[in-house]
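A quick write-up on the structure given underneath.
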Amino acid sequence: MSLEPCNVCGVLNAEGTEICLSCGYPTTGNKRSAIFRWVAIALIICFALPFLSGLINWILLQLKPDPPSNQPKVSLIQK
Ligand SMILES: [Zn+2]
């Protein structure tokens, strides 16, 4: 009988153990890690979407041909 490290917490468990004695998660961690991976991807998308929309708005503002800051510069030149 050999020992295998838990993929979730790293504690050594007996070979063939399905549930880790230390953390209670499956030692292979396949099902839970897959769920956590999808949750992490969903969270990243939720955080990235507002950032991307703000970035797109900023780019559209930069592409505008007439920024409103021209008028004070003109008045300074005519001084
Ligand atoms: Zn564990």
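Report whether or not Leu43 is modelled with pLDDT of 85 or more and of a type in the set (A, V, I, L, M). Explain how you work it out, then say what you get.
On the way: modelled with pLDDT of 85 or more: yes; of a type in the set (A, V, I, L, M): yes.
Taking the combined requirement at face value, the residue satisfies it.
When you look at Gly29, is it open to solvent by 60 Å² or more (accessible area, probe 1.4 Å) and either within 20 Å of the chain's Cα centre (by Cα) or at pLDDT below 90 (or both), yes or no?
Details: open to solvent by 60 Å² or more (accessible area, probe 1.4 Å): no; either within 20 Å of the chain's Cα centre (by Cα) or at pLDDT below 90 (or both): yes.
Judged against the criteria, Gly29 is not a match.
Go through the range 5-53 and count every residue that is in a loop (DSSP other than H, G, I, E, B) and within 11 Å of the ligand (Cβ to nearest atom). Steps first, please.
As a first pass, look at the range 5-53 and keep what is in a loop (DSSP other than H, G, I, E, B): 6-11, 15-18, 20-25, 27-29.
Going one step further and asking which of them are within 11 Å of the ligand (Cβ to nearest atom), we end up with 6-11, 17, 20-25, 27-29.
Matching residues across the range 5-53 total 16.
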Cross-chain or 6+ apart pairs with Cβ under 8 Å, the range 1-14 first and of a type in the set (Ser, Thr, Tyr), then within 7 Å of the ligand (Cβ to nearest atom): none
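The values are calculated or read from the model by the stated rules, or taken from the named source; none is laboratory data. On a predicted model such as this, the values are computed, not experimentally measured, just so you know. In this analysis, Cβ positions are derived from the backbone assuming ideal geometry, glycine residues included, and neighbour counts consider all displayed protein chains. Ligands, DNA and RNA are stripped out before the accessible areas are found, and what is left, the full protein with its side chains, is counted by its heavy atoms. Shrake-Rupley method; radii C 1.70, N 1.55, O 1.52, S 1.80 Å.
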